[in-house]
Amino acid sequence: MNGVCHIELPCSDINKMKDFYSTVFGWETQYVPEMDYGMWKAPEGVGGGFAKNLKPATKGSGVLFHIQVDDIDSTLKKIEKSGGRTVQGKTQIPNIGHYAVFSDIAGNEIGIFQG
């Protein structure tokens, strides 16, 4: 109990967000027309939604969550090809792994982690 159970990502276009996260990370997504809301589920861990009633945090503020990936370099290439952009390139965490930060198509800044 008391674990993180749902993460909402602000957006203005739910279908574009669904496509972005499905293409880059392989997340399962669905549209819920009754709520004008998108749902996502990562292969492992928590799921969440794409919410049109939220605004992305301003640059460098808010909560930063990280998505675990097998290869940061190839993931950053997929992100850029899919309309996102790299905010902070691959950075080493000594004796742990690497991380990077990207901005998705709605302007949300999210980290990726490779252990």
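Only residues that are closer than 13 Å to residue 109 by Cα and either in a strand (DSSP E or B) or of a type outside the set (Gly, Ala, Ser) (or both) were counted in region 46-75, giving 9. In the set (1) closer than 26 Å to residue 90 by Cα; (2) in contact with a helix residue (DSSP H, G or I) (Cβ under 9 Å, 6 or more places away or on another chain); (3) modelled with pLDDT of 95 or more, the condition left unmet by residue 71 is number (2). Check region 55-68 and report whether any residue there is free of Cβ contacts under 8 Å to residues at least 12 places away in the same chain and among the hydroxyl-bearing types (Ser, Thr, Tyr). There is at least one residue in region 55-68 that is free of Cβ contacts under 8 Å to residues at least 12 places away in the same chain and among the hydroxyl-bearing types (Ser, Thr, Tyr). Within region 36-45, the set of residues being modelled with pLDDT under 95 and either part of a strand (DSSP E or B) or among the hydrophobic types (A, V, I, L, M, F, W, C) (or both) comprises just one member, 42.
Just for region 83-107: of the residues that are of a type in the set (A, V, I, L, M) and either touching a Pro at 6+ places or on another chain (Cβ under 9 Å) or assigned to a loop (DSSP other than H, G, I, E, B) (or both), which one is surrounded by the most Cβ atoms within 10 Å (Cβ to Cβ)? It comes out as 106.
The residue that is surrounded by the fewest Cβ atoms within 10 Å (Cβ to Cβ), counting only those in region 12-41 that are more than 18 Å from residue 105 (Cβ to Cβ) and in contact with a Phe, Trp or Tyr (Cβ under 9 Å, 6 or more places away or on another chain), is 30. Evaluating residue 87 against the criteria (1) in contact with an Asp or Glu (Cβ under 9 Å, 6 or more places away or on another chain); (2) in contact (Cβ under 8 Å) with a residue 40 or more places away in the chain leaves one unmet condition, (2).
Number of residues in region 46-61 that are modelled with pLDDT under 95, closer than 18 Å to residue 102 by Cβ and touching a Pro at 6+ places or on another chain (Cβ under 9 Å) equals 2.
The values are calculated or read from the model by the stated rules, or taken from the named source; none is laboratory data. Everything quoted here is computed from the prediction, not taken from an experiment. Heads up, the Cβs are rebuilt from the backbone with ideal geometry, glycines too, and the neighbour counts pull from every protein chain shown.
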